[in-house]
Amino acid sequence: MTVVPVALGARSYEVRIASGLLTRAGDELSPVIGTRPVVIVADEHVAPHLATLRQSLRAAGIVSSEIVLPAGEGTKSWAVLERLCDALLAAGVERQDHVIALGGGVIGDLVGFATAILKRGCRFVQVPTTLLAQVDSSVGGKTGINARAGKNLIGAFHQPSVVLIDPDVLDTLPERQVRAGYAEVVKYGLIDDADFFAWCEANGAALIAGDADARAYAIAHAVSAKARIVGEDEFETTGRRALLNLGHTFGHALEAEAGFSDRLLHGEAVAAGCGLAFDYSATIGLCSRDDADRVAAHWRASGLPDGLAASRITAPAARLVEHMRHDKKMAAGTLPLLLARGIGETFLDKTVALDRVELFLETEAR
Ligand code: GLY
């Protein structure tokens, strides 16, 4: 088993990664949970994993009950949050009790937020079942729901007690979801680790095809990178953690145009967004055209959109920039944008002129 510590003082915890871990979850969790009953919150797509988890908890003498929610982004809503909080209260959850989030980013974010506010805070465990959740959203304590005005606008930082990652659960994940999650893996190489990007170029295809060693290596590497960055800037105040948003501002604009629907998955938008961030960086002379082309080539080789055209979003540039203006990172009228001096050399630029970005997007759309 690989154990990655997330060092956050009193809020420190471990991310445990091992093949078959779900079948041993009860033994892993009993020292954390003690003898109290737990509630598992899952989405309707993870029924087989729910059965495995239930059985494993029972074998370890842990009493569990279950709440199954609809799959999909619509679940990260006020309405479902209210239902979930009522159900957790009805189940008798106390402040020291644990709720287990079993699912992808939607379930992890929702359960994390519900447990952040329930009785002014109770405990939770992340058991992520998508590649995207395993390498990004389950680690670091960002939790929340969507508002009418935008995605993830209501939320809290609330760290889990432990994260259990079983790469075997990816075997039943649709390939499109694996590719989308892979975008968040590659992101760590683009941010500050050119060697890892080269590893992705050499091993990405095997990872997507299901190679267990490649998956285990990439997940452990990505989680270690995330733990390091979160440990340096838990509340995203110094700009360090903001690096994890590479590709997300462009990507968010594309997702907004797609109505945050299956037309463009979050990871696909991140890939296209990273492609645009590198392309824009090359266009304004910050990074070499060779590096931007290398990033785009890897997205294409991985079956992911490499920019605006490949994302099939045909909105006018002005509308995309309008979405960017509503980004929650907007501060004092300017939008900090993650740009790159090269692969593994990403930085936060607080001086980006959005009218220049609009001209760039107009050219990209042609
Ligand atoms: N997903 C970005 C972060 O956790 O900061």
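The values are calculated or read from the model by the stated rules, or taken from the named source; none is laboratory data. Just so you know, these numbers come straight off a predicted model, no measurement behind them. So basically every Cβ, Gly included, is an ideal-geometry build from the backbone, and we count neighbours across all protein chains shown. Just the protein is used for accessible areas: all its heavy atoms, side chains included, with ligands, DNA and RNA removed. Shrake-Rupley method; radii C 1.70, N 1.55, O 1.52, S 1.80 Å.
Applying both filters, DSSP loop and at most 16 other Cβ atoms within 10 Å, to the GluC sites (Glu not before Pro) of segment 278-366 gives Glu345. When only the Cβ of Lys, Arg, Asp and Glu is charged (+1, +1, -1, -1), the dipole of the chain relative to its Cα centre reaches about 900 debye.
Rolling a 1.4 angstrom probe over the protein heavy atoms with all chains in place gives the chain an accessible area of 40 Å² per residue. For segment 92-136, the set of trypsin sites (Lys or Arg not before Pro) satisfying both a DSSP loop assignment and a count of at most 13 other C-beta atoms within 10 Å is given as Arg95. Amide H to amide H, with H built 1.01 Å from N, Ile100 comes under 5 Å of Val39, Ile40, Val41, Val125, counting only residues 5 or more places away or on other chains. Checking every one of the GluC sites (Glu not before Pro) in segment 170-273 against DSSP loop status and a limit of 15 other Cβ atoms within 10 Å picks out no site at all.
Taking 21 Å as the limit for the C-alpha separation, the pairs Lys142/Lys328; Lys328/Lys350; Lys76/Lys187; Lys119/Lys142; Lys142/Lys226; Lys142/Lys350 exceed it in the case of Lys76/Lys187; Lys142/Lys350. In the chain, a dipole from Cβ-located charges (positive for Lys and Arg, negative for Asp and Glu) runs towards its positive end, and of Leu110, Leu243, Val178 it is Leu110 whose Cα lies farthest in that direction.
Before anything else, pin down the relative contact order of the chain: Cα pairs under 8 Å, at least 6 apart, normalised by residue count, whole percent.
For the chain, the relative contact order is 14 percent.
Taking each residue as 0.36 nm, the span from Ala149 to Ala47 lengthens on full extension beyond its C-alpha to C-alpha distance by 33.5 nm. Measure off, as a whole percent, the carbon and sulfur share of the 1.4 Å-probe accessible area of the chain, all protein chains present. In the chain, the share of accessible area belonging to carbon and sulfur is 51 percent.
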